[in-house]
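The values are calculated or read from the model by the stated rules, or taken from the named source; none is laboratory data. As the structure is a prediction and not an experimental result, all values here were calculated from the model. Glycine gets a Cβ as well: all are built from the backbone with ideal geometry, and neighbour counts include every protein chain shown.
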Amino acid sequence: MKPRMARPPHAARHAFTLVELLVVIAVIALIAGIVFPVFAQARKRGHEAACLSNIRQLGTAAMMYKDDYDGYFPQLHLTPDPPAGQPYMVRYWHILLQPYTKNWQVFRCPSCAADARFNGVGLSRIAEGGAVLHVCEVYIPPDFPGSNAAELQAKYGSTYANVNESYEGTGGYGWNVCGTRLAGQSINDAQFVAQATTLMIGETTKQMNGGGMYPPDSDRAYRAKHVVQDGCGWEERFYNPVPPLNLPYAWQTSSRHSDGANVAFFDGHSKWVRRDWLESHPEIFHPDSTLLP
């Protein structure tokens with residue numbers, strides 16, 4: 001019988017021990033803990049940049065609209081009376097600007113879902129018997145290609161109460177209601193005291209009047225101090241805290257981008273600002289005001 005040949009050293013089998021496996025897993029977890037937050041932060045910054053690009057395009061579209069209409073900017077909504085027996089379908093400012101953007105997606109912030117918790121019964125549409133609107137939806141009317149009116153009605157119809165799908169407005173963006181007077185009036189270039197410091201479009205946490213953005217709570221004291229009467233504020237009761245979040249119903253100022261929001265001004269420029277700055281400067285909502293806070 002021939003003697004068994006010894007296995008060469010390099011051919012020796014070696015299995016990982018439990019300790020070695022645990023070390024490998026720990027290293028992988030450590031790397032993941034470092035890398036994943038970096039990816040998440042990069043994604044967040046990407047959304048912020050995409051949102052600012054949207055706002056910039058909307059500001060440019062508004063300036064083009066103004067040039068086409070003898071210096072008049074869009075209204076918050078321009079809504080003709082409906083035919084007999086037809087529902088009142090609101091045509092908000094985004095519908096007026098869409099022919100200039102050629103794109104509905106620019107009316108939706110890519111991070112709008114971060115504010116979905118502010119939308120609910122008694123939060124997003126308290127005056128209409130508990131109707132709920134949805135911050136990430138963009139209403140496309142039936143007379144436009146790609147309309148989603150029927151889709152929105154089928155999806156949310158039971159939550160609309162006394163309103164309808166046209167009140168959904170825009171996906172997290174709002175037109176400064178003080179820049180339209182709410183009475184079916186457009187505002188003209190000549191009526192501004194300082195376009196570069198008057199807010200045009202901002203990011204909103206929820207839809208209270210479709211695509212409208214209202215002044216913050218600090219506007220109450222500002223109006224009282226300077227006797228401002230331009231018809232764009234809410235009644236006192238709308239600034240009272242509302243359960244379960246205990247935030248004012250009229251609280252719309254978003255902080256979904258690094259504790260701030262992207263905004264456009266009536267001279268066409270856009271930028272990011274902190275939420276606390278927006279909430280402490282109600283004067284930027286009033287086009288014909290030369291007054292300071």
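Descriptive notes on the structure:
- Meets criteria (under 24 Å from residue 266 (Cβ atoms) and surrounded by fewer than 20 Cβ atoms within 10 Å (Cβ to Cβ)) for residue 100: yes
- Cβ-Cβ distances below 9 Å connect the following pairs, each with a first residue in the stretch 172-188 that is at pLDDT below 75, a second residue that is of a type in the set (Phe, Trp, Tyr), and a separation of six or more residues or different chains: 180/73; 180/93.
- The set of residues from the stretch 69-110 being on the phi < 0 side of the Ramachandran plot, charged (D, E, K, R) and without any contact (Cβ under 8 Å) to a residue 24 or more places away in the chain comprises just one member, 81.
- Taking the stretch 133-178 as the range and being of a type in the set (Val, Ile, Thr), within 25 Å of residue 270 (Cβ to Cβ) and in a helix (DSSP H, G or I) as the test, only 177 passes.
Yes/no matrix, rows are residues, columns are (1) polar (S, T, N, Q); (2) closer than 17 Å to residue 204 by Cα; (3) surrounded by 13 or more Cβ atoms within 10 Å (Cβ to Cβ); (4) touching a Cys at 6+ places or on another chain (Cβ under 9 Å):
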position: 80; (1), (2), (3), (4): no, no, no, no
position: 104; (1), (2), (3), (4): no, no, yes, no
position: 109; (1), (2), (3), (4): no, yes, yes, yes
position: 116; (1), (2), (3), (4): no, yes, yes, yes
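- Neighbours by Cβ (under 6 Å, 6+ apart or cross-chain): first from the stretch 271-283, within 17 Å of residue 220 (Cβ to Cβ); second modelled with pLDDT of 90 or more: none
- Of the candidates 123, 97, 58, the single residue that is more than 14 Å from residue 169 (Cα to Cα) and at pLDDT 90 or above is 58.
- Boolean, residue 84 is part of a helix (DSSP H, G or I) and more than 21 Å from residue 206 (Cα to Cα): no
- Residue in the stretch 199-209 that is more than 30 Å from residue 45 (Cβ to Cβ), of a type in the set (S, T, N, Q), modelled with pLDDT under 90 and out of contact with any strand residue (DSSP E or B) (no Cβ under 6 Å at 6 or more places or on another chain) present: yes
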